[in-house]
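As structure tokens, the structure follows; a few thoughts come after it.
Computed from the coordinates by the stated procedures, all read-outs in this text should not be read as laboratory data. Bear in mind that the values here come from a model prediction, so they are computed numbers and not experimental data. Glycine also receives a Cβ, built like all others from the backbone with ideal geometry; neighbour counts cover every protein chain displayed.
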Amino acid sequence: MSVDSSVQGIFAAFEAAAENPLASSRAWKAANGTPVVGSFPMHFPGELAHAAGCLPVILQENHEPITVGHGMIYPFYCGYTRSVVDQACKGDFDFLDAIMFGDHCVQVLGAADVVRAKLPNTRVHFYQLISSMSDPWSHSRARETFAGLKEGLEEMIGRTIDNDAIRASIRLFNRNRQLLRKLYDMRRSGTSPLTARQMQLAVKSSMVMDKAAHSALLERLIERLEATAATRQRGVRVYLSGHFCQAPKLGILDLIESCGGIVVDDDLYHGQRYISTDVDDAGDPLDALAKWYLERNLKVPCPTRVDQNADWETYLLGAMAKSKADGMIVLMAKFCEPHMYYYPEIKEAFEAKDVPHLLIETEHETTALEGIRTRVEAFLEMVKRQTIAKAAAAARLETGVV
Amino acid sequence: MKPYVMGIDFGSTTSKTVILDMDGGTVASAVSHKGSVSDEGAKASIAEALAIAGITQKQVIRAISTGYGRRMLEVSDKSYTEITCHARGAIAMVPEARMVIDIGGQDSKVIAIDALGLVSQFAMNDRCAAGTGKFLEALARAVGVPLEDMGPMALRAVEDITISSMCATFAETEVVALLAEGKSKTEVLGAVHAAIAARLVGLVSRVGKREPLVMTGGVAQNPAAVHHLEKALGLKLIIPQRPQIAGALGAALIALDEAREHAADAADEDDKVDASLDAARCGTPTCTAPQARVTEQVIHGPRPH
Ligand code: SF4
């Protein structure tokens with residue numbers, strides 16, 4: 001694939017992969033003969049599939065209306081699970097060589113059942129990762145699960161995957177995460193005025209593209225961006241939180257920024273959550289992956305995991321301070337249980353600390369964004385007026401003028 | 001030529017315009033009963049307000065628009081959402097208010113106000129007309145009573161009938177069924193108002209009930225709506241004298257703030273939150289700083305009590 005190496009050209013390549021992940025991975029398979037392994041989001045170690053010589057692709061919610069899949073899954077399930085079921089029913093996953101499912105919530109479990117029934121000829125590997133993260137046995141149990149995943153892949157390719165190959169894949173994936181984190185740093189510090197849409201395209205394309213090819217694009221992109229003088233962005237600094245399995249609609253991100261917000265950071269799965277943690281590239285790779293799995297949850301706490309040492313709302317308050325965000329917009333997929341379960345705690349903590357936040361519930365079917373626009377605008381106006389008032393009060397204190 | 005500022009609340013069912021002089025005194029206000037299907041309604045209320053004030057549009061040095069059609073108005077220099085403007089207007093009318101309920105044509109909103117008089121939280125009906133002026137209108141039509149008569153009539157209801165549907169269309173079906181059952185118009189209208197109040201209570205609890213609670217918007221002039229809301233919330237609502245113009249007044253007051261700052265900071269379209277740059281507009285509605293003369297020590301925030 002030859003890519004126009006301008007900033008625009010690179011983002012166009014990211015967009016092509018991110019918005020049509022199945023077509024792009026199918027093309028990769030045709031061109032390179034690489035088997036494609038689809039997985040559910042959140043905790044799948046793509047490194048193992050890559051070391052097995054496969055292209056790991058995280059299955060994405062698409063933009064199609066849910067039709068044939070409608071009767072196969074509850075209508076109140078989240079857009080991600082409903083869309084994945086619909087894609088399976090429409091035969092979109094038929095070209096996949098294998099699917100590896102984790103069970104991070106009840107809804108994803110329901111979706112896995114339907115996908116399995118709809119793809120009787122596709123190799124499906126189901127794994128259950130321990131969700132309690134701070135028990136003495138958490139590490140060994142996670143390692144066992146990853147060993148099982150490795151065996152499943154070995155069975156599929158008919159040979160063993162050696163540790164050196166896994167370590168090489170780990171290094172490749174680490175490099176990719178580091179480059180994406182660098183992009184985040186550039187945005188947070190204002191060195192590069194990247195939009196929320198661009199950040200999502202960069203991360204989402206990494207979930208579905210070959211990592212080496214993706215990193216090569218990222219390297220060129222960062223080079224180009226570093227060579228361009230930054231224009232200072234002006235607006236209300238917004239932290240985006242929420243949306244686990246599906247990427248927020250690009251229209252919502254554009255809307256937030258067109259109303260005068262600049263998204264400076266996030267904890268989205270199609271964002272920081274995906275790239276937060278690297279894997280040790282020395283020693284036993286399965287041990288390293290188990291360690292990664294547990295550490296990742298401390299870096300960006302996941303509401304589908306239980307951890308004595310992690311607290312999502314405390315993390316969010318800290319992350320907001322670090323990125324100097326003025327307010328947080330929570331994007332909650334209807335009806336994502338893990339998110340709904342934690343949201344009241346976030347609300348309480350934010351209210352107690354007087355940190356402004358706005359909840360927006362999203363749906364697969366949301367197309368009219370006007371109703372959201374007024375709320376986002378009102379929120380940004382509120383944050384702006386409050387920030388100014390607080391700054392003025394602080395200035396009064398400093399100068400001693402009462 | 002004496003300068004003035006203008007606030008226009010271009011709603012979905014009515015348009016309101018307020019004109020202020022540079023000391024913040026209201027010189028005119030006008031309400032036109034045409035919504036934002038076209039900008040006719042807004043133009044009518046602007047023209048009426050200008051006529052009352054006896055001034056020309058040229059004398060208006062800054063105009064701010066708000067409401068459903070806020071972005072459709074050419075005369076306005078900038079627009080703000082209804083949340084910001086209603087809060088600003090309500091605080092000007094009732095300075096001690098800590099919460100504002102506004103029932104508009106298309107949406108209803110509940111706004112929490114902090115000690116500085118600023119919006120600290122808000123909730124809006126997200127997806128349909130439940131609990132809005134449009135809901136009332138549709139049901140007035142179903143019952144066959146003119147909108148302005150329905151409030152007083154509903155107040156006379158004694159029975160406890162519930163309308164359970166959230167959706168205006170389904171609620172209309174329920175209303176028709178109740179009438180067919182032989183329930184009187186008065187009783188059915190009582191139930192309609194109780195239904196509106198029930199929706200609003202849900203919104204209030206999303207933000208957390210606070211007092212004093214002010215109600216603005218046209219529906220605040222409907223005694224049955226006020227009665228049922230008070231009953232459902234278990235408190236007394238404060239209804240300012242002209243609740244309908246709160247949004248336009250808020251917009252005009254923001255126009256005034258901005259017109260005053262203009263001299264100091266011409267970058268009015270600049271949305272940067274930057275303390276040093278924006279220190280002149282601390283945003284506190286009762287801030288005394290804008291009145292300060294150039295050489296004076298600027299003191300932001302509300303007047304010390
Ligand atoms: S965690 Fe939430 S978004 Fe992900 S599959 Fe479960 S319900 Fe859907």
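Quick one: Kirkwood hydrodynamic radius for segment B:96-239, alpha-carbon pairs, angstrom, one decimal?
When all Cα pairs of segment B:96-239 are included, the Kirkwood radius is 15.1 Å.
Would you list the P(r) distribution for segment B:69-160, with all Cα-Cα distances sorted into 5 Å bins from 0 and each bin expressed as a whole %?
Binned Cα distances yield the sequence 2, 12, 17, 15, 16, 17, 11, 6, 2, 1, 0.
Pull up all non-local amide H partners of B:GLY105: gap of 5 or more, or a different chain, and H-to-H distance under 5 Å with H placed in the peptide plane.
B:SER12, B:THR13, B:GLY133
Run the dipole for segment A:234-399 about the Cα centre, Lys and Arg Cβ at +1, Asp and Glu Cβ at -1, nothing else charged, and hand back the magnitude in debye, nearest 20.
The dipole of segment A:234-399 has a size of about 700 debye.
For segment A:256-266, just list the computed ³J(HN,Hα) in residue order, Karplus coefficients 6.51, -1.76 and 1.60, θ = phi - 60°, integers in Hz, with x standing in for Gly and Pro.
After applying 6.51 cos²θ - 1.76 cosθ + 1.60, I find 4, 6, 6, 8, x, x, 10, 6, 9, 6, 7 Hz.
Semi-axes, largest first, in whole Å: what does sqrt of 5 times each Cα gyration tensor eigenvalue give for segment A:82-143?
Each semi-axis is the square root of five times an eigenvalue, giving 28, 13, 7 Å.
Would you pull out the residues with amide H under 5 Å of B:PHE122's amide H, same chain only if 5 or more places away, H placed 1.01 Å from N?
B:ALA112
Would you order A:CYS245, A:CYS89 from fewest to most other beta-carbon atoms within 10 Å of each residue's own beta-carbon?
A:CYS89, A:CYS245
In whole angstrom, note down how far apart the Cα centers of segment B:175-250 and segment A:266-329 are.
46
Which of the three applies to segment A:138-205, rounded, prolate or oblate, going by the alpha-carbon gyration tensor with a ≥ b ≥ c and a/c under 1.5 meaning rounded?
Cα axes put segment A:138-205 in the prolate bin.
Mind putting a number on the dipole of chain A about its Cα centre? Charges go on the C-beta only, +1 for Lys and Arg and -1 for Asp and Glu, and I need it in Debye to the nearest 20.
That gives a dipole near 860 debye.
Give or take rounding to whole Å, what are the principal axis extents of the alpha carbon atoms in segment A:1-118, in descending order?
Extents along the principal axes: 44, 31, 23 Å.
Using the count of nearby Cβ atoms within 10 Å as a rough guide to exposure, how do A:VAL68, A:VAL36 rank from fewest to most?
Least to most surrounded, the residues fall as A:VAL68, A:VAL36.
Kindly provide the helix-only [θ] at 222 nm of the protein assembly as shown, computed as the sum of -39,500 (n - 2.57) over DSSP H runs of four or more divided by all residues, to the nearest 500 deg cm²/dmol?
Mean residue ellipticity at 222 nm (helix-derived): -15000 deg cm²/dmol.
Please list, or write none, the lysines whose alpha carbon is within less than 17 Å of the alpha carbon of B:LYS43, excluding same-chain residues fewer than 8 places away.
By straight Cα distance, B:LYS43 reaches B:LYS16, B:LYS34, B:LYS58, B:LYS78.
Jot down the radius of gyration and Dmax of segment A:234-399, Cα atoms only, both in angstrom.
Calculated on Cα positions, Rg and Dmax stand at 17.4, 59 Å.
With the dipole of the protein assembly as shown worked out from charges on the C-beta (+1 for Lys and Arg, -1 for Asp and Glu) around the Cα centre, which of A:TYR77, A:ALA378, A:LEU250 lies farthest toward the positive end?
About the Cα centre, the residue reaching furthest to the positive side is A:ALA378.
Suppose a student asked you for the relative contact order of segment A:120-229, using Cα pairs under 8 Å spaced at least 6 residues apart; what percent would you report?
21 percent.
Identify which of A:GLU363, A:GLU155, A:GLU144 has the largest mean-square fluctuation in a Gaussian network model of chain A, with springs joining Cα atoms closer than 10 Å.
Checking each option, the largest mean-square fluctuation is seen for A:GLU155.
Semi-axes, largest first, in whole Å: what does sqrt of 5 times each Cα gyration tensor eigenvalue give for segment A:237-303?
One finds semi-axes of 31, 10, 9 Å for segment A:237-303.
Could you work out the relative contact order of chain A, using alpha carbon pairs under 8 angstrom and six or more residues apart, expressed as a whole percent?
Contact order relative to length: 18 percent.
Restricting things to Cα coordinates, could you compute the convex hull volume per residue of segment A:43-179 in Å³?
Enclosed volume per residue, from the Cα hull, is 131 Å³.
Please list the three semi-axes, largest first and in whole Å, of the ellipsoid equivalent to segment A:100-245, using sqrt of 5 times the eigenvalues of its alpha carbon gyration tensor.
So the three semi-axes of segment A:100-245 are 35, 20, 17 Å.
Name the residue farthest towards the positive end of the dipole of the protein assembly as shown from the options A:ILE360, A:ASN32, A:TYR293, assuming +1 on Cβ of Lys and Arg, -1 on Cβ of Asp and Glu, about the Cα centre.
A:ILE360
What percentages make up the Cα-Cα pair-distance distribution of the protein assembly as shown when the bins are 10 Å wide from 0?
The distribution over the protein assembly as shown is 3, 14, 21, 22, 17, 13, 8, 2, 0, 0, given as percents.
Sequence neighbours fewer than 8 away in the same chain don't count; with that in mind, list the lysines whose C-alpha is under 27 Å from A:LYS299.
Partners within reach: A:LYS150, A:LYS182, A:LYS204, A:LYS211, A:LYS249, A:LYS291, A:LYS322, A:LYS324, A:LYS334, A:LYS347, A:LYS353.
If you look for lysine pairs in segment B:96-239 that are eight or more places apart or on different chains, how many of them have Cα atoms under 17 Å apart?
4
Quick one: what are the phi-derived ³J(HN,Hα) couplings along segment A:178-191, Karplus 6.51/-1.76/1.60 with θ = phi - 60°, whole Hz, x for glycine and proline?
These are the phi-based 3J(HN,Hα) values: 4, 5, 5, 5, 4, 4, 4, 4, 5, 6, 4, 7, x, 4 Hz.
About its Cα centre, how strong a charge dipole does the protein assembly as shown have in debye, to the nearest 20, once Lys and Arg get +1 and Asp and Glu get -1 at the Cβ?
In debye, rounded to 20, the protein assembly as shown gives about 740.
For the charge dipole of segment B:69-214, defined by +1 on Lys and Arg C-beta atoms and -1 on Asp and Glu C-beta atoms about the Cα centroid, which residue among B:VAL176, B:VAL94, B:PRO146 has the Cα displaced farthest towards the positive pole?
Checked the options; the winner is B:VAL94.
Quick one: compute a quarter of the convex hull surface over the Cα atoms of segment B:190-236 and quote it in nm².
3.1
Determine one quarter of the surface area of the Cα convex hull of segment B:1-117, which equals its mean projected area, and express it in nm² to one decimal.
Its average projected convex-hull area is 7.0 nm².
From zero up to wherever the largest Cα-Cα distance of chain A sits, split into 10 Å bins and tell me the percent of pairs in each.
Computed distribution, short to long bins: 5, 22, 33, 26, 11, 3, 1, 0.
Counting other beta carbons within 10 Å of each residue's own, what order do A:LYS150, B:LYS185, B:LYS2, B:LYS109 fall into, fewest first?
The fewest-first ordering by Cβ neighbours comes to B:LYS2, B:LYS185, A:LYS150, B:LYS109.
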